[in-house]
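The next block holds one structure in the form of structure tokens; read it before the comments.
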């Protein structure tokens, strides 16, 4: 069973994904979390994948649709701490052209805190 722990920071949220997102329940949890966070006023999100080993094609689809929801509300999703396997998965599917992927959460946080207001 996968878990999502959301942490609110001053200028963004951090969603810590834990476990493998393969079952229908896990994917629905991811979908509802992204939908809820995309509607917040502070709608910039870092997804920390440090404790995730596998994402199904359905969960990749949810991330893609979640990204569209964030962009519709002038928000943004970035990823961090992806394993080599997951990072390679994003390269193979060309999703690395859509999502910024940072090696550490610190780098992702620095991106949001130093990003000029008009680009947020």
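Readers should treat all values here as calculations from the given coordinates under stated rules, not as data from a laboratory. Remember, it's a predicted structure, so these values are computed and weren't measured experimentally. Heads up, the Cβs are rebuilt from the backbone with ideal geometry, glycines too, and the neighbour counts pull from every protein chain shown.
DSSP bridge analysis restricted to the chain gives an antiparallel fraction near 30%, rounded to the nearest 5. In the calculated pair-distance distribution of the chain, the portion above 19 angstrom amounts to 40 percent of the Cα-Cα pairs.
If you take the Cα centroid of region 87-114 and the Cα centroid of region 7-46, the two points sit 15 Å apart. Rounded to the nearest 0.05, what FRET efficiency do residue 3 and residue 88 have when you use their Cβ-Cβ distance and R0 = 25 Å? After rounding to 0.05, the efficiency reads 0.55.
When you restrict to C-alpha pairs under 8 Å that are six or more residues apart and normalise by the size of region 3-114, the relative contact order lands at 26 percent. Projected over every direction and averaged, the convex hull enclosing the alpha-carbon atoms of region 1-51 yields 3.2 nm².
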